[in-house]
Amino acid sequence: MAANTPASSRNLVIYEVYVRNHGPNGAFADVEVDLERIRSLGVDVVWFMPIHPIGQLNKKGSLGCPYSIQDYRGVNPEYGTREDFARFIEKAHSLGLKVMIDVVFNHTAHDSLLVAEHPEYFHQDSYGRPIATVPEWSDVIDLKHPHPGLAEYLIDSLKGWAQFGVDGFRCDVASLLPQDFWLQARAEVEKVKPGVLWLAESVHASFVAHRRENGLSGLSDSEVYAAFDLTYDYDIWPIFQQAVRGVVPVKRYLEALRFQDAIYPQNFVKMRCVENHDQLRILKLAPSRSQALAWTAFAAFNRGAFLIYAGQESAATHTPSLFDIDKIEWGAYEFQTFLTRLAGLKKHPAQKGHLHLLSAEPAIQAAWVGQGKGLYGIFNTSGQYGRVEAQLPDGDYLDLLTDARVPVRGGSLDLPFDAVILEVEHPRRYQPMTFELLDYHLPAE
């Protein structure tokens, strides 16, 4: 972890917004009007996908992708003006919210200011034409790191936004840039605004291996953590997706979580989510609605920050297009209360302690143990019905998600429809589940 990453980063709730598709006008003002509702979810940080002018040369779709950027220091006129964005930040800060923006420093639009002014900053083919190192990303061209002049320009851009009022940076495909660049960027931004939050979109392990095989930069998550407070969960995302679909046992996913505990710094922070702008909505991925809710609850209960992708609170099933107007259908906000309860539990004192993984089938069972009251969660990711044994004394417990009474008798209880999270007055010593590939026993003396 970065040396000054606060321990509280693991308890953050982040809310992702795509301005174009959030409200009727696709403007900052739409999100500003929605801020109080967003705050009521228990959100700490509002993350904007890129807010900058979008390239038009070789664009995708009718309007182009926000990750194809013309000017790192400008504001997309679709969304409003710099003054509009400044007013949004002021309103967010008045509500106790932080504002994070997307940083896309691996590539620019084909018609970016930088390619016109500094073609030497880019990867080029044998004819001197700028190119992308990922052919599928046809609407962008890749910056070529390291380059002192390029680094200075990009870091000055970050410092400018920090001074403008931005509180954090979500860094697109951060694993593709040199570690030294991110270390320098964090140190320089710290001088103008201490405490800025750094979230890395770390990439799939297979992508890192592919990059390295082709002589390109590809950082492991451990390398990324040197400069960042949080990283993505993409190192184990394929296992998560297969577990949700029922292709692999849930235990395999829990084993991957345990592996993370062993290979990253002790205070590592992952951003946990079940959906984002690049992934299927959880209601599309999971076999049933109840299983989708169970997986969502476990993601929030799990160690790490928790991401809500705008529209999730309205049970959205469609992932909006990046390239066209594709508005979120807000409906009745039917999951608002559910997500608010989950977000609130991120601040429970027990989540400053240690998470025990207790079982995988027919439901994930896990417990937070700290200095005071503990939390015990049961997440019915299988969609089964019946009774389940639990490591709880008999008694009546309060489900913190619904305020319903949950009786435990004879060491078992009814499987919840989706999930229950119980507060335990006197946590006892739990028996964690065993993982064949990770656990070992010292030989008897």
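No lab work stands behind these numbers, since they all come straight from the coordinates. As the structure is a computational prediction, the values presented were derived from the model and not from experiment. Positions of Cβ are backbone-derived with ideal geometry, glycine not excepted, and every protein chain shown enters the neighbour counts.
Taking every Cα-Cα distance in the stretch 263-328 and sorting them into 5 Å bins starting at zero, the pair-distance distribution P(r) comes out as 3, 17, 24, 22, 14, 10, 6, 2, 1 percent.
Per DSSP H run of at least 4 residues, take -39500 (n - 2.57); add these up for the chain, divide by its residues and hand me the 222 nm value, nearest 500 deg cm²/dmol.
After summing the helix terms and dividing by residue count, I get -8000 deg cm²/dmol.
Computed log10 I(q)/I(0) for the stretch 41-94 at 0.20, 0.31 Å⁻¹: -0.77, -1.24, from the Debye equation with unit scatterers placed on every C-alpha and solvent omitted. The local environment of residue 366, defined by Cβ-Cβ distances under 12 Å, has a net charge of +2 under the rule Lys, Arg +1 and Asp, Glu -1. Over all pairs of different C-alpha atoms, the stretch 328-445 has a mean inverse distance whose reciprocal, the Kirkwood radius, equals 15.7 Å.
Rounded to the nearest 10 degrees, what's the angle between the helix 179-192 long axis and the longest principal axis of the chain, both from Cα atoms, 0 to 90? The angle comes out at about 90 degrees.
Kindly provide the Kirkwood hydrodynamic radius of the stretch 180-267 in Å, to one decimal, from all pairs of distinct alpha carbon atoms.
14.7 Å
All C-alpha pair distances within the stretch 217-352, sorted into 10 Å bins from zero, spread as 11, 39, 36, 14, 1 percent across the bins.
For the stretch 8-79, the Kirkwood hydrodynamic radius from C-alpha pairs, put into Stokes-Einstein at 10 °C and a viscosity of 1.306 mPa s, yields a diffusion coefficient of 118 µm² per second. In plain terms, if you count all Cα to Cα distances in the chain and split them into 10 Å steps from zero, the share in each step is 4, 20, 30, 25, 13, 5, 1, 0 percent.
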